[in-house]
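Notes to accompany the following structure.
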Amino acid sequence: MLIELAALLYISSFDVDAAVRFSPRLLIVLLIVFGLWVQSNVVRYLGAVWLAFVGVAAGWQFYQGGGGPVAVLAQIVGVPCIVASAISVFSKTFSDEFACARQNQPRSKSALKRIVFGVLIAAAVAAAMNDIYRLALKFHS
């Protein structure tokens with residue numbers, strides 16, 4: 001994930017438009033890193049799915065591009081993403097260490113995890129309500 005974060009920051013430094021397009025991916029990566037820091041099982045598995053998706057997309061970019069700097073950058077990002085996804089889902093050692101870290105985590109991390117989860121749910125509800133309101137205005141006009 002940190003390789004993807006570094007690659008996205010590097011790519012976005014070339015162009016402001018690229019920075020705008022990559023900002024959702026950057027936000028997702030930061031949320032995954034935060035979720036793993038607070039030892040969230042949901043984020044662990046969603047992060048593994050995200051990493052698998054990024055790895056497959058990078059592989060597809062390499063397959064379609066055939067070569068060049070973009071294809072090389074895609075493989076620099078893609079291969080570690082696939083490996084990290086497989087480790088986080090299939091590694092018994094990682095699973096045991098993750099479970100042990102969850103059991104021994106400080107109460108502040110548990111509280112922080114609940115607060116962030118609540119804020120994300122509130123933001124999703126607010127966004128949905130905003131969409132419903134705008135859709136109702138569109139059809140009412």
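The values are calculated or read from the model by the stated rules, or taken from the named source; none is laboratory data. Being a predicted model, the structure only gives us computed values, none of them experimental. Here Cβ is always computed from backbone atoms with ideal geometry, including for glycine, and neighbour counts include all displayed protein chains.
Among the residues of segment 34-72, those identified as surrounded by 15 or more Cβ atoms within 10 Å (Cβ to Cβ), among the hydrophobic types (A, V, I, L, M, F, W, C) and closer than 30 Å to PHE98 by Cβ are LEU36, VAL38, VAL43, LEU46, ALA48, TRP50, LEU51, ALA52, VAL54, ALA58. Is it true that ILE115 is free of Cβ contacts under 8 Å to residues at least 12 places away in the same chain and surrounded by 11 or more Cβ atoms within 10 Å (Cβ to Cβ)? It is false that ILE115 is free of Cβ contacts under 8 Å to residues at least 12 places away in the same chain and surrounded by 11 or more Cβ atoms within 10 Å (Cβ to Cβ). Scan segment 1-57 for residues that are among the aromatic types (Phe, Trp, Tyr) and modelled with pLDDT under 70 and the total you get is 1. Restricting attention to segment 124-141, the residues that are more than 20 Å from GLY47 (Cα to Cα) and either under 20 Å from the mean Cα position of the chain (by Cα) or polar (S, T, N, Q) (or both) add up to 3. Is at least one residue of segment 119-132 surrounded by 12 or more Cβ atoms within 10 Å (Cβ to Cβ) and of a type in the set (S, T, N, Q)? No, there is no match, as no residue in segment 119-132 is surrounded by 12 or more Cβ atoms within 10 Å (Cβ to Cβ) and of a type in the set (S, T, N, Q).
Looking at segment 24-141, the helices (runs of 4 or more DSSP H) lying wholly inside it that each contain 2 or more residues that are under 19 Å from ALA6 (Cβ atoms) sit at 41-65, 69-90.
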